[in-house]
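Following: one structure in structure tokens, then a few remarks.
We did not get these values from a lab; they are worked out from the coordinates using the rules stated. Fair warning: this is a prediction, and the values are worked out from it, not measured in the lab. Every residue, glycine as well, gets a Cβ built from its backbone with ideal geometry; the counts of neighbours run over all protein chains shown.
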Amino acid sequence: MSKRIEVSDLNVYYGDFLAVEGVSLEIAPRSVTAFIGPSGCGKSTFLRTLNRMHEVIAGARVEGSVLLDGEDLYAQGVDPVLVRRQIGMVFQRPNPFPTMSIRENVLAGVLLNNARMSKSDQDGLVERSLRGANLWNEVKDRLNLPGSGLSGGQQQRLCIARAIAVSPDVVLMDEPCSALDPISTLAIEDLIEELKQEYTIVIVTHNMQQAARVSDRTAFFNIAGTGKPGRLIEYDDTTQIFSNPSVQATEDYVSGRFG
Amino acid sequence: MTAVVARGQASSLAAGRLPRWSTWVTLLAAMVVSAVVFALINMGSDASDFNVAGMLVVGALLYIVTIYVLSRLSESPRHAIDRFVTALVTSAFIIAIIPLVSLLYTVVSSGIERLDAEYFSSSMRGVVGAGGGAIHAIWGTILITLAATIISVPIGLMTSIYLVEYGGRGRIAKAITFFVDVMTGIPSIVAGLFIFAMFSIFLGPGASIGIMGALSLAVLMIPVVVRSSEELLRIVPNELREAAYALGVPKWRTIVKVVLPTTIAGIMTGIMLSISRVIGETAPLLLTAGFTTSLNMNLFDGRMMTLPVFVYNQYQNQGTNPDEAVARAWAGALTLILIVMALNLAARLIARFFAPKLRG
């Protein structure tokens, strides 16, 4: 259920503009990896290249390779749709489908792909996913109400339930807590801790305390200046990054001297 | 007055206020003064010559001046301008609403007379004087508009989906947008002539068939459908598309199952509005569907009557009993208004039914 990601020498372009340059890193299965760095340094862009979601943006393209357990996501003939079924994503703003109930939202990955599934299997999947996202007890009595009626934190956990319902190998999270209050953030962080048992998790965050709390390894991205490409500055164990980073820029950033 | 000023001086935040009733009392006073003036002018002649419109206009002008001066004296210049503009905007609203109300009143009062059972059950076949009905025109309007909708909605909707989801800022998308804009501006008679000329090539000159009318209406309808659904598809948040892509849903399924359901209410409203736009067209139908006095339910064979053409025809060829013909024309106009109103109501109900539910 959980796979290793190896990225080697990855460049990301928007048209002619080089947004991220020369990133190589390895993400171990069943771990939490945090990407930190100042705004605009390309960490979200890089995260999107891990499941080819950057292709949604016109003109975005990639050089280099991303291996998922040895399979190149950018090899000839790879279908991005199939890639995304293995690598799920949770976005910055909770985005449940407004036309669907809570139950349908959880089942969205199944229903939208027209997969056949018996009613009892669906019920099982809904309960399992919602329990996995720590939301079951709050919504079990109102599964048929619209998902957009939930609070922001509940919506975000609904989105996580929706992402894990298609049983991906990897879950990418793009600043999942930046639109949430501290209590909902805590709930999501606890959830990430639990999800780690089964999934490989990559999280982009602006909140360094959050990176320190939830992640096993941390990657620090930075840019030299406006218009310059983002680069991976340092990638190491989280404790190492926050206590004894080897690069000065990392130390400046984590100690709050800039960014 | 002095009390107001004294209060104004007591606090730097308080300003004098005219009492609440002052608006209505001033309006009434202005109207009374105006009425007295016009009554004096009208003194010598008959009471029925009394100039009501003139009285209202002069009364309104008098009110605007009075309330401005009063407010300027006892309140502040800002309040005075506020009252002045309020009066101006209200008068503009009333002026705009007068023709509407008058039109509705005229159509209803003249049309209701012939809105009877015979009107809805018989055609004009063999009728030259009194009696007769518009069943053939009602069916013709319904069938032709329905056919036009069936033709233009899929084309229009798919065009807008192409423009929003696939075209991007490419050359084809730009060209389509340009031509849709041009099509929006086509005079309706040109659409009729186009279809007429096209069918003349195949069927010889002078062909008049119901489907030709439907096609010419479709030419007018497609750009409206494209425009309205394009706007609506554009406001669907990208986050929803991304959410679906991230679940491994292919693009076309995302469009069909996420994007369209999210905005279906608005698209329905847009379609209904485009129907209302073409259902009253006369000129292209006159050229293409022609006119007839008998009921024809076959879109693909022979002429078909429609309500706008029926109204035109009853007025133009009044037969042996002109009063009856004109009464039928009014009834036809009223029927058309009722159909459009029913469509608008249906659109609202559909929009409410399909709208994304925000809370349970």
Could you give the size of the charge dipole of the range A:1-49 about its Cα centre, using +1 on the Cβ of each K and R and -1 on the Cβ of each D and E, expressed in debye and rounded to the nearest 20? 340
How big is the gap, in Å, between the Cα center of the range A:72-141 and the Cα center of the range A:154-198? 13
Positive-end extreme of charge dipole, the protein assembly as shown - chosen from B:ALA80, A:MET100, A:PHE221 (charges on Cβ): B:ALA80
Per the charge dipole of the protein assembly as shown (beta-carbon charges, Lys/Arg positive, Asp/Glu negative, Cα centre), the residue among B:LEU345, B:PRO154, A:LEU125 reaching farthest to the positive end is B:LEU345
Under the Kirkwood approximation for Rh and a Cα-based Rg, what ratio Rg/Rh is obtained for the range B:103-222? 1.12
Added length on full extension, which subtracts the Cα-Cα distance from 0.36 nm per residue, B:VAL52 to B:ILE155: 31.8 nm
Where does helix A:119-132 land angle-wise versus the long Cα axis of chain A, in degrees 0 to 90, nearest 10? 40
At R0 = 51 Å, how high is the FRET efficiency between A:ALA28 and B:THR184 if r is their beta carbon distance? Nearest 0.05 is fine. 0.30
Taking the dipole about the Cα centre of chain B, with the C-beta of Lys and Arg at +1 and of Asp and Glu at -1, give me whichever of B:ALA134, B:PRO261, B:TYR119 is farthest to the positive side. B:PRO261
Hey, rough spin-label estimate for B:LEU88 and A:ASN144, points 7 angstrom out along Cα→Cβ, what's it come to in nanometres? 5.7
Here the percent of antiparallel bridges among DSSP beta bridges lying wholly in the protein assembly as shown, to the nearest 5, is 55
Sequence of B:ASP49, B:ASP82 once ranked by neighbouring C-beta atoms within 10 Å, starting from the fewest: B:ASP49, B:ASP82
Find the centroid of the Cα atoms in the range A:209-259 and in the range B:255-323, then give the distance between the two in whole Å. 68
Nearest 0.05, what FRET efficiency do A:HIS206 and A:ASN114 give at R0 = 41 Å with Cβ-Cβ as r? 0.60
In the range B:56-125, GluC sites (Glu not before Pro) in a DSSP loop with at most 16 other beta-carbon atoms within 10 Å: none
With angles folded into 0 to 90 degrees, how steeply does helix A:152-165 sit against the dominant principal axis of chain A? Use alpha carbons for both and round to 10. 90
Listed by chain and number, the residues whose amide H is under 5 Å from that of A:VAL90, excluding neighbours fewer than 5 places away on the same chain and using placed H, are A:LEU172, A:MET173, A:ASP174
Output the 0 to 90 degree angle, nearest 10, between the alpha-carbon long axis of helix B:188-203 and the longest principal axis computed from the alpha carbons of chain B. 10
Mean per-residue count of partner chain Cβ within 10 Å for B:143-151 equals 0
Estimated vicinal HN-Hα couplings, Hz - the range B:109-118 in sequence order (Karplus 6.51, -1.76, 1.60; Gly, Pro = x): 5, 7, x, 5, 4, 9, 7, 10, 4, 5
Under 26 Å, Cα to Cα: Lys pairs in chain A, sequence gap 8 or more or different chains: 6
Largest first and to the nearest Å, give the Cα extent of chain B along each principal axis. 85, 72, 41
Quick check: Cα centre of the range B:165-179 to Cα centre of the range B:213-241, how many Å? 14
Which part of the range B:129-160 falls in the paramagnetic zone of B:ALA175, meaning amide N under 15 Å from the point 7 Å along Cα-to-beta-carbon? none
Residues B:TYR315, A:TYR235, sorted so that the one with the fewest Cβ neighbours within 10 Å comes first: B:TYR315, A:TYR235
For A:SER24, the residues 5 or more places away or on another chain with a placed amide H closer than 5 Å to its own amide H are A:ASP9, A:LEU10
What fraction of the Cα pairs in the range B:170-244, stated in percent, has a spacing above 15 angstrom? 66
Given a Förster distance of 45 angstrom, what is the FRET efficiency for A:TYR14 paired with B:LEU103, based on the Cβ-Cβ distance and rounded to 0.05? 0.20
Among DSSP beta bridges lying fully in chain A, give the percent that are antiparallel, nearest 5. 55
